[in-house]
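Written out below as structure tokens is the structure these notes cover.
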Amino acid sequence: MVDDVVRTLGFSCMGSRFRRIGQPLQADAQEIIEEYGLTIQAGQYPFVAALDGAGPLAIGKLAQAAGITQPGPTRTVSQLELGLVDMQAAPYDQRKSISLTRKEKELVDYSKQSVRARISAVVADLFGNLNGPILAQFAAIQDGLAEAALAGRAAKEETT
């Protein structure tokens, strides 16, 4: 068996460790989102949540709220424009103001009561028993995801 180089190199491969944890978490969250019949992508969730919480935002403020830099928000807003967000010229300058459509607002309200709670519960379960150094915690998270994806954890949670 070959050693897991990323685990072996520890802090010098921290970005790779984050990606290893983030990618399956996002893919698993997407599976749960789809179980509820929603069409939003897991990676779009922070943008929609920012618009839900703060109301209409310019693209720069939306990026700031989601904690990312351009061109991510521009690309995401373009994808969301297909019936989920409205873009209007801001009254004070030439920038566009982005807001949720009524349809998306209804989906967000539904999601807050169902999807978000379910994903939070299964991720909390995955992370619940972590303690000790961060690298050991990352190993435990990776091992936990390998053992049971979020959707599997959600199914297990429903039966208990």
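FYI, it's all coordinate maths here, none of it is from the lab. Every value quoted in this text rests on a predicted model; they were computed, and no experiment measured them.
For Lys103, the lysines whose Cα comes closer than 25 Å to its Cα, not counting residues fewer than 8 places off in the same chain, are Lys61, Lys112.
For Asp86, the residues whose modelled amide H falls within less than 5 Å of its own, excluding neighbours fewer than 5 places apart on the same chain, are Ser99, Leu100, Thr101.
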